[in-house]
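Please read the structure below before turning to the comments.
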Amino acid sequence: MREQMKLNIRERCQKVFQAFSAKGHLTIRAIAQATGISKSSVHRHQQAMKRRHQYPESRVWESAIGAQWLKRLVVATVFIFCFKRGVGCESLAEFFRLLGLEQQVGVSVSSLRQIRTQMETQILDYQRLQHSQLEHPQTPVEACVSVDETFFDQVVLVMLDLPSGFILVEEMSQDYRYETWQQHTQQALAN
C-alpha cells in the first residue's frame, strides 16, 4: 500500500481505470485489492471518472496513452497559439472548454499561464545554452540565416537560422532601415 503513495493522482486514476476496464464490473474492494490502492481512494477515483465521462471519447483520455496525447495537445497548442500567434490564455481556455477537455486537463486561464511561463523559461534556458555554445565554438559554425520584419504593435526585427528555426535576433524597433538591421545582425553574429 505504501508503494502506491508514490504514484501521483493521475497514475493512481489510470491504475483504477485499467482495473475497471480489464476485469469488468468489480466491487470497489476487489479493485482496491487488485491495485493495492485503498478502498476510499478507489471510490474517489471511480466518482471522478464518472464526472469526467461526459462525452463518448472521454474514456480514451483515462488511459496512459490518451493522457500523454492530451499533454502533447496542450503543449503544442500553447506553443503555436501563444508563442507563435500571440493568442492569449483566455482564448485557449475557451478553446479547450469547447473541446470538452476541462474535466481531463487543467485548462483554466491560470493553469495555461503557468504552462506558458514554464515553456518560456525552458525556451529561454535553451537560448542561453545555445548562445554560450556559439560564444566558444569547438568548430566553425555554419548558419543559413534569414531576416524579416513582422508588424504587431511595433516593428520586430527577426533573424533566424533556417534549418533549426533558432531565433538569433528578435528586436522591437521603430527604425527598420538597413543600418539598424546591420547593427543588430552584426551583434548577433559576433556573439
Completion exercise
Sorted by chain and number, the residues with a modelled amide H under 5 Å from that of residue 100, at a separation of 5 or more or across chains, are none
Problem - For region 169-186, Karplus couplings with θ = phi - 60° (6.51, -1.76, 1.60), whole Hz, Gly/Pro x - result: 9, 8, 10, 6, 7, 8, 9, 10, 7, 4, 4, 5, 4, 4, 4, 5, 5, 5
Exercise for the section: Determine which lysines satisfy two conditions relative to residue 15: a Cα distance under 25 Å, and not lying fewer than 8 residues away in the same chain. Expected result: 6, 23, 39, 50, 71
Problem - Gyration tensor (alpha-carbon) shape descriptor, region 65-135, a/c threshold 1.5 - result: prolate
Problem - Normalised contact order of region 58-126, rounded percent, pairs of Cα under 8 Å and 6 or more residues apart - result: 26
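Rule-based calculations on the coordinates, nothing more; no lab input. The structure displayed is predicted, hence computed values, not measured ones.
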